[in-house]
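Presented below is the structure to which this report refers.
The values are calculated or read from the model by the stated rules, or taken from the named source; none is laboratory data. Just so it is clear, the model here is predicted, and its values are computed rather than measured. FYI the Cβ positions are ideal-geometry reconstructions off the backbone, even for glycines, and counts take in every protein chain you see.
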Amino acid sequence: MEKDINSNSWFKRLKSGLSESSNKVVNGISSLFTDKKLDNATLEELEDLLITSDLGVSAANQLTKNLAAKKFDRAISEEDIRISFANDIADILRPVAQPINIDTSLKPHVILVCGVNGSGKTTTIGKLAQQWSREGKKVCLAAGDTFRAAAIEQLQVWGQRTKVPVITHPQGSDPAALAFDAIAKCIEDQTDILLIDTAGRLQNRSELMDELAKIVRVIKKQLPDAPHNSILVLDGTVGQNAHSQVATFLEMVNITGLVITKLDGSARGGVIISLAKEFQLPVHAVGVGETAQDLNAFDAEVFSKSLMGLN
Ligand SMILES: Nc1nc2c(ncn2[C@@H]2O[C@H](COP(=O)(O)OP(=O)(O)O)[C@@H](O)[C@H]2O)c(=O)[nH]1
Ligand SMILES: [Mg+2]
């Protein structure tokens, strides 16, 4: 995952994706504040602004408390506030900014990819396949969203694009049986990484829960320690709804980390901070576009500064 912010346009895309959120915070601070002393009324309004920017009550409270501890009753500029907030946000996010650690001795390292329809599961799998196969790892994909024919074809397109094999079963077949076959094939082929796509029809929650539980059970028949990661893919534009998605999927699967997509769109990026506070799940990567290159490591500093409109 490209981290060099100067050589890549991803930082610009992240910045523009976060611009709605960041404009809201920056303009909000600006309207509250014109080089005056920091008083209780202003602190309360700042806290409200952070809450309505999806940061959640706990983070909003922490950020304003820390600001008050440093600057209460003292003259303070808009930029001082944004810098203070950005520093605190980076502190909250640093512990969760963790890439996926691939263990190539596992052969295969199994990654189950979950999330609601349209969150970006299949696209994220394609991006990860591209990245890891370029690093010389042997990757395989399993088309576990057997519910829709289009979902299987979409993964096959990613397989062709990234020159990675895709294991499929016909539409409507049992995804657990597919997962079983995919594992057997990867063991035989000494594949480094197996990425398993899944369906995300949350409207039928108990069916999905049974389906995911069965996939995990069947995986464990051949590899008791797998899946080694169970990743939840979240659409970064849904705001607070992301919380209920995490809670719901945690009931179904032992989710070990998150990928946040669509941070190039009209992202409501503040939610990543409230998610970090509430769940402490690793944020492995962020999606900033639809092509294979548009996945980046989650960088706490870059994200915090972008959100606060700092360079
Ligand atoms: N702009 C943008 N679009 C994305 C991103 N990730 C996925 N998408 C798009 O979101 C839509 C749904 O993605 P898909 O991978 O099919 O979601 P799935 O149903 O969870 O498998 C597709 O049109 C993708 O191209 C992203 O990071 N940025
Ligand atoms: Mg899909």
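Applying the set (1) within 16 Å of ligand 1 (Cβ to nearest atom); (2) touching a Cys at 6+ places or on another chain (Cβ under 8 Å); (3) not polar (S, T, N, Q) to K185 leaves exactly one unmet item: (1).
Test T124 against the stated conditions and say whether it is of a type in the set (S, T, Y), modelled with pLDDT of 95 or more and touching a Lys or Arg at 6+ places or on another chain (Cβ under 9 Å).
Judged against the criteria, T124 is not a match.
Here I152 meets each of (1) within 20 Å of L128 (Cα to Cα); (2) within 16 Å of ligand 1 (Cβ to nearest atom); (3) in contact (Cβ under 8 Å) with a residue 40 or more places away in the chain; (4) not aromatic (F, W, Y) with one exception, condition (3). Within segment 122-142, the residues that satisfy the criterion of being hydrophobic (A, V, I, L, M, F, W, C), closer than 19 Å to E290 by Cβ and either outside the structural domain of H284 (by TED's automatic domain parsing) or in contact with a helix residue (DSSP H, G or I) (Cβ under 7 Å, 6 or more places away or on another chain) (or both) are I125, A129, L141. Within segment 216-236, does at least one residue satisfy the condition of being in contact with a strand residue (DSSP E or B) (Cβ under 6 Å, 6 or more places away or on another chain), over 30 Å from S266 (Cβ atoms) and hydroxyl-bearing (S, T, Y)? Among the residues of segment 216-236, not one is in contact with a strand residue (DSSP E or B) (Cβ under 6 Å, 6 or more places away or on another chain), over 30 Å from S266 (Cβ atoms) and hydroxyl-bearing (S, T, Y), which makes the answer no.
Restricting attention to segment 253-282, the residues that are farther than 14 Å from H243 by Cα and either touching a Pro at 6+ places or on another chain (Cβ under 6 Å) or not in a loop (DSSP other than H, G, I, E, B) (or both) total 1. Checking N117, N27, N23 one by one, the residue that is under 22 Å from G289 (Cα atoms) and modelled with pLDDT under 90 is N23 and no other. Within segment 53-76, the residues that satisfy the criterion of being touching a Lys or Arg at 6+ places or on another chain (Cβ under 7 Å) and surrounded by 14 or more Cβ atoms within 10 Å (Cβ to Cβ) are S53, D54, G56, S58, A59.
Step by step: first the residues of segment 125-168, then only those that are assigned to a loop (DSSP other than H, G, I, E, B) and of a type in the set (D, E), then the one that is surrounded by the fewest Cβ atoms within 10 Å (Cβ to Cβ). Which residue is that? The selected residue is E135.
Restricting attention to segment 136-149, report how many residues are within 12 Å of ligand 1 (Cβ to nearest atom) and at positive phi. Adding up the residues that qualify gives 0. List, please: which pairs have Cβ atoms under 6 Å, are six or more places apart or on different chains, and start with a residue in segment 60-74 that is outside the structural domain of A276 (by TED's automatic domain parsing) and end with one that is hydrophobic (A, V, I, L, M, F, W, C) and assigned to a strand (DSSP E or B)? Note: pairs meeting the criteria are K71/L38; F72/L38.
Looking across segment 145-193, just one residue is away from ligand 2 (no atom under 15 Å from the Cβ), under 20 Å from N117 (Cα atoms) and among the acidic types (D, E), and that is D174. In segment 288-306, the count of residues that are under 29 Å from A213 (Cα atoms) and within 16 Å of ligand 2 (Cβ to nearest atom) is one or more. Please list, ordered by first then second residue, the pairs with beta carbon atoms under 8 Å, 6 or more apart or interchain, first in segment 105-118 and within 7 Å of ligand 1 (Cβ to nearest atom), second aromatic (F, W, Y). Sorted first by the residue in segment 105-118, then by its partner, the pairs are G115/F249. D88 meets all of the listed conditions (1) of a type in the set (D, E, K, R); (2) in contact with a strand residue (DSSP E or B) (Cβ under 8 Å, 6 or more places away or on another chain); (3) surrounded by fewer than 23 Cβ atoms within 10 Å (Cβ to Cβ) but one, namely (2). Scan segment 214-252 for residues that are surrounded by 15 or more Cβ atoms within 10 Å (Cβ to Cβ) and either in a loop (DSSP other than H, G, I, E, B) or of a type in the set (A, V, I, L, M) (or both) and the total you get is 19. Residue count for segment 119-135, restricted to those that are out of contact with any Cys (no Cβ under 9 Å at 6 or more places or on another chain), within 9 Å of ligand 1 (Cβ to nearest atom) and charged (D, E, K, R): 1. A Cβ distance below 8 Å, combined with a sequence gap of six or more or placement on separate chains, defines the contacts here; from segment 182-193, residues that are more than 17 Å from I102 (Cβ to Cβ) reach residues that are part of a helix (DSSP H, G or I) in the pairs A184/Q222.
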